[in-house]
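Here's the structure we're looking at; comments come further down.
The values are calculated or read from the model by the stated rules, or taken from the named source; none is laboratory data. If you're wondering where the values come from, they're calculated on a predicted model, not measured in any experiment. Because the Cβ atoms are built from the backbone with ideal geometry, glycine has one as well, and the counts that use them run over all protein chains shown.
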Amino acid sequence: MSELEQLSMLIGGKPTGAISGRTFESENPYTGQSWASIPDGGDEDVDAAVNAARAALDGEWGQMTGFARAACLRRLADLISANAERLARLEVNDSGKLYREMLGQLTGLGGWYHYFAGLADKIEGQQIPSPNPNYLVYTRREPVGVVAAITPWNSPLLLMSWKVAPALAAGCTVVIKPSEHAPGSTLGFAELIAQAGIPDGVVNVVTANSGAVGAHLAAHPGVDKVAFTGSTATGRKVAASAAENLNPATLELGGKSPQVVFADADLQAAANGLVAGVFAATGQTCMAGSRLIVHADVHDELVRLVAERASHIQLGDPFGEATEMGPVANKMQYDKVVGYLETARQEGAVVEYGGSSEESLGGYFVKPTVLSVKPTDTVFREEVFGPVLAAVTFTDEDEAIKLANDTPYGLAGAVWTKDVHRAHRVAAKIKAGSIWINAYRVVAPSVPFGGFKASGIGRENGIHAIDAYLENKSVWVELTGGTRDPFTLG
Ligand code: NAD
């Protein structure tokens with residue numbers, strides 16, 4: 001127990017354990033060892049955090065100007081960059097993702113806070129023309145209030161920041177509930193809040209070894225908005241809780257994103273994009289480009305190129321400099337991915353490369369896998385959330401678009417072609433929130449991200465992301481000082 005890193009929740013500005021005193025251990029999926037002791041919070045800790053967030057809204061934070069909030073966000077951005085190594089280490093210990101990827105991601109994470117700091121002092125209402133000259137009418141944009149931010153285990157800090165940065169810029173306060181599978185880095189982030197000069201209670205973090213505490217938070221009557229990233233199944237429950245309270249909800253959910261490769265594409269570039277789309281982060285990304293829809297004339301050549309690259313992917317210690325793929329993040333996910341590979345085999349998939357776990361390394365390793373399948377196969381239809389690419393063929397553009405859209409999801413997708421007309425034409429027809437043309441897996445604070453269909457509601461990132469954290473208030477000012485007939489409408 002003494003070797004475990006001891007991490008604390010943050011409630012009302014105080015680092016704290018759970019009221020019950022309970023803790024749980026976070027397991028490193030590479031070593032299989034516990035590495036941190038995490039407070040196992042309960043509903044009573046959520047209640048305390050929501051109360052603290054409400055008090056902060058009614059206190060100093062609620063009185064701060066957008067300029068002062070922007071200064072806090074900028075300090076927080078710089079602190080994140082200065083602490084990127086520690087935060088990256090916490091994330092790698094929790095999730096087995098590559099240290100070099102996490103270090104890059106967290107060194108750049110401050111960019112989200114700088115971007116939304118730039119908006120914090122530009123939240124403007126309007127003066128609206130009134131049809132009745134006796135009135136001055138204007139709008140005010142006010143923070144929506146206390147925000148519940150519930151996050152998944154893949155890229156916890158990035159996905160948390162997509163919520164917290166615009167929420168703070170808007171003047172909201174937040175209660176964050178990270179995943180029980182990767183809570184460590186969010187607790188590391190909480191250590192920076194006071195140093196950034198952010199008043200007590202503005203940012204609160206509650207950890208728990210169960211999703212039930214997330215459910216309590218999502219349904220809490222003291223919460224004014226819910227921002228959730230996770231699975232579609234949980235997202236539906238969160239949306240129902242939010243609706244019960246008549247709260248707005250932003251939902252970033254699952255995906256099964258298509259990569260459509262035409263015969264004229266640069267196949268080397270497409271192969272590289274497929275590797276980036278489904279093997280980076282061991283395929284555990286919501287935007288994984290896991291459905292390859294490739295023209296029949298180039299199927300064999302493209303699959304050969306991807307399989308060839310896959311065969312050279314270096315699996316191993318996430319902290320190793322040469323490592324390209326770490327383990328799957330936890331046992332539950334590992335069992336799920338291995339189960340999908342078994343189903344694929346039973347349904348007649350052709351294994352072009354991989355197709356099994358990699359037991360020689362210990363831990364939860366799965367070989368990067370390339371399968372040729374039928375469009376009806378489970379592995380082509382369901383989100384695997386692992387390093388598994390499922391390929392089908394098409395012969396004309398309409399068929400490719402139909403296959404791309406034949407999914408309940410609509411998070412992302414890619415079009416690979418040298419034909420500029422076709423590139424834009426097909427991008428317009430794929431029903432998904434982000435389309436990359438001859439590229440994959442690029443995101444930025446300034447570019448909206450989110451899903452069509454079962455991939456979610458609302459958009460994070462981009463100038464309008466802040467709108468989700470603001471209420472609009474119309475103010476009517478009578479200018480004459482007179483009275484009017486009280487029995488007519490204005
Ligand atoms: P999950 O839905 O199991 O859990 C997400 C979070 O919700 C966790 O913090 C969990 O504790 C909490 N939770 C669990 N039950 C809850 C409930 N009833 N009410 C409220 N909160 C509850 O998802 P996960 O397994 O952690 O993450 C993987 C999923 O997230 C994948 O489906 C992936 O596609 C999706 N994801 C989406 C995006 C995106 O931006 N669209 C990004 C990353 C991950």
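I need the full set of residues from region 125-155 which are within 20 Å of Arg459 (Cβ to Cβ) and modelled with pLDDT of 95 or more, in order please. Write out each step before concluding.
Step one: filter region 125-155 for residues within 20 Å of Arg459 (Cβ to Cβ), giving 141, 143-144, 147-152, 154-155.
Residues satisfying the conditions are Arg141, Pro143, Val144, Val147, Ala148, Ala149, Ile150, Thr151, Pro152.
Could you check region 82-199 for strands (runs of 3 or more DSSP E) lying wholly inside it with 1 or more residues that are of a type in the set (S, T, N, Q)?
Filter on region 82-199 gives 135-143, 173-177.
Does region 463-473 contain at least one residue that is under 30 Å from Glu101 (Cα atoms), in contact with a strand residue (DSSP E or B) (Cβ under 7 Å, 6 or more places away or on another chain), hydrophobic (A, V, I, L, M, F, W, C) and outside the structural domain of Arg345 (by TED's automatic domain parsing)?
yes
List, please: which pairs have Cβ atoms under 8 Å, are six or more places apart or on different chains, and start with a residue in region 202-228 that is among the basic types (Lys, Arg) and end with one that is more than 9 Å from the ligand (Cβ to nearest atom) and in a strand (DSSP E or B)?
So the pair list comes out as Lys225/Val146; Lys225/Val147; Lys225/Ala249; Lys225/Thr250.
How many residues, within region 378-406, are assigned to a loop (DSSP other than H, G, I, E, B) and under 21 Å from Ala439 (Cβ atoms)?
Residues meeting the conditions: 1.
When region 287-299 is examined, which residues are found to be surrounded by fewer than 24 Cβ atoms within 10 Å (Cβ to Cβ), in a strand (DSSP E or B) and charged (D, E, K, R)?
Within region 287-299, no residue meets the criteria.
Mind listing whichever residues of region 238-252 are farther than 25 Å from Phe385 by Cα and within 11 Å of the ligand (Cβ to nearest atom)? Walk me through how you get there before you give the answer.
From region 238-252, those farther than 25 Å from Phe385 by Cα are 241-248; that's our starting set.
Ser241, Ala242, listed by residue number.
Under 8 Å by Cβ, and 6 or more places apart or on different chains, what pairs join a residue from region 410-423 that is without any contact (Cβ under 8 Å) to a residue 24 or more places away in the chain with one that is of a type outside the set (D, E, K, R)?
Filtered contacts from region 410-423: Ala423/Val415; Ala423/Thr417; Ala423/Ile437; Ala423/Asn438.
Given the criterion assigned by TED's automatic domain parsing to the domain that holds His220 and out of contact with any helix residue (DSSP H, G or I) (no Cβ under 9 Å at 6 or more places or on another chain), identify the matching residue among Ser26, Ser34. If you could, list the steps in order and put the result at the bottom.
Details: Ser26 fails: out of contact with any helix residue (DSSP H, G or I) (no Cβ under 9 Å at 6 or more places or on another chain).
Criteria check complete, one pass: Ser34.
Does Ala428 satisfy the condition of being surrounded by fewer than 17 Cβ atoms within 10 Å (Cβ to Cβ), of a type in the set (A, V, I, L, M) and assigned to a helix (DSSP H, G or I)?
yes
Tell me which residues, restricted to region 271-286, are in a helix (DSSP H, G or I) and more than 11 Å from the ligand (Cβ to nearest atom).
Ala271, Asn272, Gly273, Leu274, Val275, Ala276, Gly277, Val278, Ala280, Thr282
Among the residues in region 97-113, are any of a type in the set (Lys, Arg), crowded, with 23+ Cβ neighbours inside 10 Å and at pLDDT below 95?
Yes, the conditions are met somewhere in region 97-113.
Does Pro131 meet the test of being free of Cβ contacts under 8 Å to residues at least 60 places away in the same chain and more than 16 Å from the ligand (Cβ to nearest atom)?
On the way: free of Cβ contacts under 8 Å to residues at least 60 places away in the same chain: yes; more than 16 Å from the ligand (Cβ to nearest atom): yes.
Yes.
From the list Leu315, Leu274, exactly one residue is buried (at least 24 other Cβ atoms within 10 Å of the Cβ), assigned by TED's automatic domain parsing to the domain that holds Glu383 and in contact with a Phe, Trp or Tyr (Cβ under 8 Å, 6 or more places away or on another chain). Which is it?
On the way: Leu315 fails: buried (at least 24 other Cβ atoms within 10 Å of the Cβ).
Answer to the check: Leu274.
Could you check, for region 231-239, whether at least one of its residues is outside the structural domain of Phe385 (by TED's automatic domain parsing), buried (at least 23 other Cβ atoms within 10 Å of the Cβ) and touching a residue at least 24 places away in the same chain (Cβ under 8 Å)? If you could, list the steps in order and put the result at the bottom.
First, pick out the residues of region 231-239 that are outside the structural domain of Phe385 (by TED's automatic domain parsing): 231-239.
Among the residues that remain, those that are also buried (at least 23 other Cβ atoms within 10 Å of the Cβ) are: 235, 238.
Those still in the list that are touching a residue at least 24 places away in the same chain (Cβ under 8 Å) too: 235, 238.
Yes: one or more hits.
Among the candidates Gly214, Gly289, Gly235, Gly255, single out the residue that is modelled with pLDDT of 95 or more, more than 8 Å from the ligand (Cβ to nearest atom) and of a type in the set (Gly, Ala, Ser).
One residue alone meets the criteria, Gly289.
Going through Phe24, Phe67 one at a time, which residue ends up being surrounded by fewer than 17 Cβ atoms within 10 Å (Cβ to Cβ), among the aromatic types (Phe, Trp, Tyr) and modelled with pLDDT of 95 or more?
Answer to the selection: Phe67.
Mind checking whether some residue in region 432-450 is in a loop (DSSP other than H, G, I, E, B) and among the aromatic types (Phe, Trp, Tyr)?
Yes, that holds for at least one residue.
Got at least one residue in region 377-387 being of a type in the set (Val, Ile, Thr), in contact (Cβ under 8 Å) with a residue 12 or more places away in the chain and either farther than 18 Å from Thr232 by Cα or out of contact with any Ser or Thr (no Cβ under 9 Å at 6 or more places or on another chain) (or both)? Steps first, answer last, please.
The first filter runs over region 377-387 and keeps only residues of a type in the set (Val, Ile, Thr), leaving 378-379, 384.
Now restrict to residues that are in contact (Cβ under 8 Å) with a residue 12 or more places away in the chain: 378-379, 384.
Keeping just the survivors that are either farther than 18 Å from Thr232 by Cα or out of contact with any Ser or Thr (no Cβ under 9 Å at 6 or more places or on another chain) (or both) gives none.
No.
Can you find, within region 217-229, the residue that is nearest to Ala412 (Cα to Cα) among those that are in contact with a helix residue (DSSP H, G or I) (Cβ under 8 Å, 6 or more places away or on another chain) and either near the ligand (Cβ under 10 Å from one of its atoms) or among the charged types (D, E, K, R) (or both)?
Of everything passing the filter in region 217-229, Thr229 is nearest to Ala412 (Cα to Cα).
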